[in-house]
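Working notes for the structure below.
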Amino acid sequence: MDKKFFDYIIHGGDYNPDQWIDTPEIWDEDMRLMNLANVNSATVGIFAWSMIEPEEGVYNFEWLDEILDKLHKNGKDVILATPSGARPAWLAQKYPEVLRVEANGIRNEYGVRHNHCLTSPVYREKVRNINTLLAERYKSHPAVKMWHISNEYCGECHCELCQEAFRDWLKAHYKNLDELNFKWWNGFWSHKMTDWSQINSPKDRGENHVVAMKLAWKRFVSDSHISFYENEIAPLREITPNIPITTNFMKMYDGIDYQDFAKHLDLISWDNYPAWDRGATHSEAVETAFVHDNFRSLKDGQPFFLMESTPSIVNWHEVNKIPKPFRQEQSSIQAVAHGADSIQYFQWRKSRGGHEKFHGAVVDHCGHENTRVFKEVSHLGAVLKKLDGVVGKGYNGKVAIIYDWQNKWATEVFCGYNNNERDYLGECVKWYKPLWEKGIAVDIIPMDADYSKYDLIIAPFLYMLKDGTIDRIEEYVRNGGNFVAGYLTGIVDKDDLCYLGGFPADKLKDVFGIWCEETDSLPEGMKNTVSYKDKSYKAVNFCDILHANTAEALGTYEDDFYSGSPAVTLNSYGKGKAYYVAFANDGEFFADFIEELSEKIDLGASPFRTPDGVSVVKRGEYVFVMNFADEEKNINLDREYEDVLSGEKVSSLNLPVCGYAVIR
Ligand code: GLA
Ligand code: GLA
């Protein structure tokens, strides 16, 4: 889905002039340097609450007025942040209820950030107040183009206010205690509740074995973040209805259901910190691409913003290795290829003191432009100007992988089978890799998305099924879709109650034409093998033991008591095909299987061959070719293209390490 917020790619980042309030000459120097760095925007005010409201009800906006005017005079767009991510000490001291209570039941002292209760009426009111003042003051400021809500929402609070809110949430989601007791299977260990007040949040020293309750708590926490956010943005929507709103997401952070949160945002933005050049460039590139595709998919293919990335190092790895020169440029181009309409940094200028003073920044402590990092940023800024044609262009793949936030929770909270290997995300990325390698665009979708636009849907480890999912899969296949399920599919409903009558759930047994009688789990170091089309593949961790009813067994196990039983099945159902891949593997099987599927179904693979480690991504008319191998690569193109950056005609590419090309 196309959607445009600017006419050009935004290039900028977190800017904290409030840290340099005593040295105004640095503000002027920042303006000079931003122009040199080809930076066109700045994100201001993220943690500036105590600068804006140094005492309760005493406000100081003058510095912010001045910096916004300066930025505007220099042609920079401003993304204005709300400051709720960290609060002034006076606020916590006067209203202790705003501070978070951890799962140990103890209230935190003042400190760090993200240390607030999500329920506290006082905190919500204070946030609404400061946001109202910001909106009123800057609603007509010509530089202010977007709202950046808080910063990386995360965490949870277990205070009494939250316990009450949790109980209210439960009352809204279950008709009565009888229903809750049934759905939580509270007859087990004598846990029947007779009064709502007996229910508390999951804690180490309390209830932590009622799996359905743990799932309910995760849903409640996610909803609390969204309602906290709705409280934050209410004045902004009212006072500045035309300024778009985003909040910066953190990779695949699973404390909030981002697939749900996305519906409340005008655009998605996220903070990207790959661990480049620490040994596994190829797999880092695959994982990062998966995350970009996830964020592009959150609003049906709509472009997103890359709200943060480091121009050089971070400070929070155990050892902060400097990535290779121009890796950051390549990493930024990868983001643009997958749908980013901005490249922004944490941070513009390194702070002089404090926790993040050794985190990479565009402007280093030396304070001038004569650094490798600054020059690279400036170079990238010039490159991005040549790519403005991509802005607003969204896209969807013909292939989708179901990665569902709530299924992630469900796969983690249960006890059983292989308790050491529950890497749901890793399993999805493993399926994604061979698609990435063939230049096939992939959407990452929740299980309740619209399936109808996809020619192939892959659903690894779809253990928990939300209401309606069984019908959705059935209908998709019946109408001609190709659906691939992985091991442990359709085991429990949304409350973690097992489906009765055999797995996978209900009529999925007919769709796939199988019945899974048992699941074997293999300890580390043990394996089975699967024979498939004259080749033998390793099976590890999980092996579903199947009966093929109407399905054809395409592959069979070769070892143990279930040797000879089906491990890969295909069932023709309605007009479609349902595949079941019953075992986990090292990825080799997925690669061959995808190769085979892509010969049968047009999945939109790259028209030219992509050598190992080379990624090809198409966005609009632009084709991005990126070398993530640790050696130079030559690529023969299928025809003549125009090299967008040089303007020359090309029919082959020679890409050095960290190299890339944009062609059309
Ligand atoms: C013990 C307990 C049972 C059950 C089993 C599970 O034996 O007495 O209630 O929990 O472990 O292995
Ligand atoms: C996150 C935060 C930033 C900063 C960076 C450091 O993305 O949003 O404020 O702490 O990490 O990498």
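Here Arg167 meets each of (1) part of a helix (DSSP H, G or I); (2) within 28 Å of Thr246 (Cβ to Cβ) with one exception, condition (2). Taking the criterion of being surrounded by 20 or more Cβ atoms within 10 Å (Cβ to Cβ) and assigned to a loop (DSSP other than H, G, I, E, B), the only residue of the range 614-643 that qualifies is Phe628. For the range 141-164, taking the residues that are open to solvent by less than 10 Å² (accessible area, probe 1.4 Å) and assigned to a helix (DSSP H, G or I), the one that is farthest from ligand 2 (Cβ to nearest atom) is identified as Gln163.
Within the range 183-201, is even one residue of a type in the set (Asp, Glu), under 31 Å from the mean Cα position of the chain (by Cα) and modelled with pLDDT of 95 or more? There is no residue in the range 183-201 that is of a type in the set (Asp, Glu), under 31 Å from the mean Cα position of the chain (by Cα) and modelled with pLDDT of 95 or more.
Could we say that Met307 is within 15 Å of ligand 2 (Cβ to nearest atom) and either in a strand (DSSP E or B) or not aliphatic (A, V, I, L, M) (or both) here? For Met307, the condition - within 15 Å of ligand 2 (Cβ to nearest atom) and either in a strand (DSSP E or B) or not aliphatic (A, V, I, L, M) (or both) - is met. A single member of Leu306, Leu267, Leu298, Leu236 is of a type in the set (A, V, I, L, M, F, W, C), without any contact (Cβ under 8 Å) to a residue 40 or more places away in the chain and closer than 20 Å to Ser342 by Cβ, and it is Leu306. When Asp471 is tested against the conditions (1) in a loop (DSSP other than H, G, I, E, B); (2) open to solvent by 20 Å² or more (accessible area, probe 1.4 Å), the lone failure is (1). Filter the range 298-317 down to the residues that are under 18 Å from Glu329 (Cα atoms), of a type outside the set (Asp, Glu) and surrounded by fewer than 24 Cβ atoms within 10 Å (Cβ to Cβ) and list them by number. Matches in the range 298-317: Ser309, Ser312, Ile313, Val314. Any chance you could count how many residues in the range 15-39 are in contact (Cβ under 8 Å) with a residue 60 or more places away in the chain, under 35 Å from the mean Cα position of the chain (by Cα) and more than 16 Å from ligand 2 (Cβ to nearest atom)? Number satisfying all stated conditions: 8.
Of the helices (runs of 4 or more DSSP H) that lie entirely inside the range 43-116, those containing 1 or more residues that are within 27 Å of Gln344 (Cα to Cα) span 49-52, 62-73. Whether any residue in the range 366-388 is crowded, with 21+ Cβ neighbours inside 10 Å, among the β-branched types (Val, Ile, Thr) and touching a Lys or Arg at 6+ places or on another chain (Cβ under 9 Å) is what I want to check. There is no residue in the range 366-388 that is crowded, with 21+ Cβ neighbours inside 10 Å, among the β-branched types (Val, Ile, Thr) and touching a Lys or Arg at 6+ places or on another chain (Cβ under 9 Å).
The residue pairs whose first member lies in the range 345-362 and is closer than 18 Å to Thr43 by Cα and of a type in the set (Lys, Arg), whose second member is within 12 Å of ligand 2 (Cβ to nearest atom) and open to solvent by 40 Å² or more (accessible area, probe 1.4 Å), and whose beta carbons are closer than 7 Å, counting only pairs six or more residues apart or on different chains, are Lys350/Lys357. Within the range 241-256, restricting attention to residues that are open to solvent by less than 10 Å² (accessible area, probe 1.4 Å) and touching a helix residue (DSSP H, G or I) at 6+ places or on another chain (Cβ under 9 Å), which residue is farthest from ligand 2 (Cβ to nearest atom)? Per the stated criteria, the residue is Ile245.
Residues checked against (1) among the small types (Gly, Ala, Ser); (2) free of Cβ contacts under 8 Å to residues at least 24 places away in the same chain:
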| site | (1), (2) |
| --- | --- |
| Gly613 | yes, no |
| Val616 | no, no |
| Glu631 | no, no |
| Asn634 | no, yes |
| Asp638 | no, no |
| Val644 | no, no |
| Ser651 | yes, yes |
| Gly659 | yes, no |
| Ile663 | no, no |
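Among the residues of the range 262-297, those that are under 17 Å from Met146 (Cβ atoms) and either in contact with a Gly (Cβ under 8 Å, 6 or more places away or on another chain) or more than 16 Å from ligand 2 (Cβ to nearest atom) (or both) comprise Ala262, His264, Leu265, Asp266, Leu267, Phe295. Number of residues in the range 271-292 that are of a type in the set (Val, Ile, Thr) and farther than 20 Å from Gly659 by Cβ equals 1. Of the residues in the range 226-239, not one is crowded, with 21+ Cβ neighbours inside 10 Å and among the small types (Gly, Ala, Ser).
Within the range 371-378, is even one residue among the β-branched types (Val, Ile, Thr), away from ligand 2 (no atom under 16 Å from the Cβ) and either at pLDDT below 95 or over 20 Å from Pro17 (Cβ atoms) (or both)? Taking every residue of the range 371-378 in turn, at least one turns out to be among the β-branched types (Val, Ile, Thr), away from ligand 2 (no atom under 16 Å from the Cβ) and either at pLDDT below 95 or over 20 Å from Pro17 (Cβ atoms) (or both). Look at the range 396-411: where a residue is touching a residue at least 12 places away in the same chain (Cβ under 8 Å) and a partner is in a loop (DSSP other than H, G, I, E, B) and basic (Lys, Arg), sitting 6+ places away or on another chain with Cβ atoms under 7 Å, you get Asn396/Lys453; Gln406/Lys466; Thr411/Arg422.
A single entry from Ile458, Ile444 fulfils the requirement of being without any contact (Cβ under 8 Å) to a residue 60 or more places away in the chain, crowded, with 23+ Cβ neighbours inside 10 Å and not in a helix (DSSP H, G or I): Ile458.
Listed by first and then second residue, the pairs linking a residue in the range 462-479 that is under 11 Å from Ala505 (Cα atoms) and at pLDDT 95 or above to a residue that is assigned to a helix (DSSP H, G or I) and of a type in the set (Phe, Trp, Tyr), with Cβ atoms under 9 Å apart and 6 or more places separating them unless they lie on different chains, are Tyr463/Tyr424; Met464/Trp409.
Among the residues of the range 127-138, are any within 16 Å of ligand 2 (Cβ to nearest atom) and crowded, with 19+ Cβ neighbours inside 10 Å? Checked against the condition, which is being within 16 Å of ligand 2 (Cβ to nearest atom) and crowded, with 19+ Cβ neighbours inside 10 Å, the range 127-138 yields no hits at all. Restricting Lys263, Lys171, Lys214, Lys192 to those that are open to solvent by 60 Å² or more (accessible area, probe 1.4 Å) and in contact with a Phe, Trp or Tyr (Cβ under 9 Å, 6 or more places away or on another chain) reduces the list to Lys171. Screening Ser283 against (1) within 11 Å of the chain's Cα centre (by Cα); (2) outside any loop (DSSP other than H, G, I, E, B) leaves a single unmet condition, (1). Pairing residues of the range 43-59 that are within 14 Å of ligand 2 (Cβ to nearest atom) with residues that are among the acidic types (Asp, Glu) and open to solvent by less than 60 Å² (accessible area, probe 1.4 Å), at Cβ distances under 9 Å and at least 6 apart in sequence or on separate chains, gives Thr43/Asp14; Thr43/Glu308; Val44/Asp14; Val44/Asp18; Gly45/Asp18; Ile46/Asp14; Phe47/Asp18; Ala48/Asp18. Is the range 320-340 home to any residue that is open to solvent by less than 10 Å² (accessible area, probe 1.4 Å), outside any helix (DSSP H, G or I) and among the hydroxyl-bearing types (Ser, Thr, Tyr)? Checking the range 320-340: not a single residue is open to solvent by less than 10 Å² (accessible area, probe 1.4 Å), outside any helix (DSSP H, G or I) and among the hydroxyl-bearing types (Ser, Thr, Tyr).
The values are calculated or read from the model by the stated rules, or taken from the named source; none is laboratory data. Predicted, not measured: the structure shown is a model, and the values here were computed from it. Note that each Cβ is placed from the backbone with ideal geometry, even for glycine, and that neighbours are counted across all protein chains shown. The area values use the complete protein model at the heavy-atom level, side chains included, leaving out ligands, DNA and RNA. Shrake-Rupley method; radii C 1.70, N 1.55, O 1.52, S 1.80 Å.
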